[in-house]
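See below for the structure under consideration.
Every read-out reported here was derived from the displayed coordinates using simple, explicitly stated rules and does not represent laboratory data. These numbers come from a predicted model, not from an experiment. Methodologically, a virtual Cβ is constructed for each residue, glycine included, from the backbone with ideal geometry; neighbour enumeration extends over all protein chains shown.
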Amino acid sequence: MKKRTKKVLEEEEEALCCCEYVNRHGERSHVAACCCDCEDLDDACDRFLKREPQKPESLSQVAEVVTDRIRVPWLWGGARKLELSIIPPLILLPALLHLAAVHFMLGLVVLTALPGLVLWYYYFTHRKKGRTLFFLSLALFSLAYMYYLFITEVLPRGDVGLLQVVVVSVGVVLTLLALIHTKREPGIVRPNQEAVHSTVTYYTPLADRDPSLNGGRQDVTMTASSWMGSSEQAEVEVKESSRKNWCTVCRVVRPPRAGHCRICGVCVLRLDHHCVWINSCVGQANHRSFLLTLGLFLLTSLYGISLVLQSVCPRQNLLTALLYCPGVYNQYSTALCFTCAWYSSIVTGGLLHLLVMQVINVSYNVTEREARIALREKTARSAFWGLVVDTGVYSRGFRGNWSEFMTMGDKLSPPSPADLVALVDDCKHRE
């Protein structure tokens, strides 16, 4: 292993051309040789032709070889690996939308089956806890393709003015900028071993009401100076604990409300959930920009859908045009625009539901992770078929919860022990 690592480092020191790369065996290769020296694939083909049973690991090995060899030439650092999950949306989405525009019944079948296939793939990948770029690719390509069809199909019809095109374009750009900002940093818990000298365990009724706090015990780290100078020392029981709130994967002590994401493999401050549509966690640092991204996308999408329906169904009311638009399938261009409006409406409806859930959770100061755990442990009040979940642990009222949410991105450091004791006292007074 050391020899292989040394070999990789030596080869990386040499300048790679745009079509060269270092493969998974640490050897220098070229994109033109993607079909050469593939022993795993040759062995699988030989067994298939000879009607012999395949080895249990043969398919996974062939998939690893294919994934490693599909590269895109790059000017700096050699050819880059291309994630295979990016490709299907680029091919299937245009093909299915054009097929749905041929006839009304085909459109009904496609627009019904497409969300079902996406949901099936979501549950399939979610069960394996694997990371995929399929949903991010589908989201970005859907936005880009809808905008492309808006410019090439709707704009030439003459029903859309220049100002309306500018508004849609600005909305698309702002959505992409907000998405880029959301993907930067969710608020990863960083290890800080230099200032850690002891572990303080707070035994409080708070843990009974918050199942995510280490099964009845809330552990935080303290520096020697803050431990000696803490005025609340008499209110807590201090002892060395062998069972810390310790993440064995990240090797960090998780502060309250932090959680470990098994897909990203990191601990995130105030973890809300892992969003497959942005291929990133939503946590303390990017939760506000995540809601901003959803809001911008929904506003842009609703405005774009209204413009399309006004163009292809000018005699119908906007609220009924999606359900009844006579003669829309007489021309393929109008049928394609109508189909894309329906597809955009389905996507908008799903994201609107997500935004409503997020706004409700913020209003009650509960994360999606905490709500899911509380419902499973039956320690929370729920209403409206589970849409509203109130754990009653961190809520400070509607205004206080939104005030904390709007300012929490500026507090990326874990809370101090004094803050935790203040939180415990506050909960005691509430009880």
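Computed quantities for the displayed model
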| quantity | calculated |
| --- | --- |
| The range 104-187: trypsin sites (Lys or Arg not before Pro) in DSSP loop, at most 12 other beta carbons within 10 Å | 129, 184 |
| R0 of 35 Å, Cβ-Cβ distance residue 15-residue 117: FRET efficiency to nearest 0.05 | 0.20 |
| Coil-residue chymotrypsin sites (Phe, Trp or Tyr not before Pro) of the range 254-298, DSSP, other Cβ within 10 Å capped at 16 | none |
| Packing-based ranking, highest mean first, of 63-72, 395-404 given that Cβ atoms within 10 Å are counted | 63-72, 395-404 |
| Volume per residue of the C-alpha convex hull in the range 13-121, rounded to whole Å³ | 173 Å³ |
| Inter-probe distance in nm under a simple model that places probes 7 Å from Cα toward Cβ, at residue 248 and residue 147 | 4.6 nm |
| Length added when fully stretched, residue 396-residue 173, from 0.36 nm per residue minus Cα-Cα | 76.7 nm |
| Potential lengthening between residue 359 and residue 83 on full extension [0.36 nm per residue; Cα-Cα distance subtracted] | 96.0 nm |
| In sequence order, calculated HN-Hα J values of the range 380-396 (Karplus, 6.51, -1.76, 1.60; Hz; x Gly/Pro) | 10, 8, 10, 8, 6, 6, x, 5, 10, 10, 10, 7, x, 8, 10, 5, 10 |
| Percentage of interatomic Cα-Cα distances in the range 51-172 larger than 17 Å | 73 percent |
| Globularity index of the range 77-124, i.e. its alpha-carbon radius of gyration over 2.2 N^0.38 Å | 1.51 |
| Residue 318 versus residue 262: modelled label distance in nm, points set 7 Å from Cα along the beta carbon direction | 4.4 nm |
| FRET efficiency, 1/(1 + (r/R0)^6) with R0 45 Å, evaluated for residue 48 and residue 382 via beta carbons | 0.25 |
| Stretchable slack from residue 127 to residue 64, in nm (0.36 nm times residue separation minus alpha-carbon distance) | 20.6 nm |
| Relative packing of 305-313, 384-392, which averages over residues the other C-beta atoms within 10 Å, highest first | 305-313, 384-392 |
| Violating pairs (Cα-Cα greater than 27 angstrom) within the set 50/129; 55/129; 183/378 | 50/129; 183/378 |
| Relative contact order of the range 70-157, defined on C-alpha pairs under 8 angstrom at six or more residues apart (%) | 28 percent |
| Model label zone, residue 90; criterion: amide N under 20 Å from point 7 Å along Cα-to-beta-carbon; scope the range 49-82 | 63-82 |
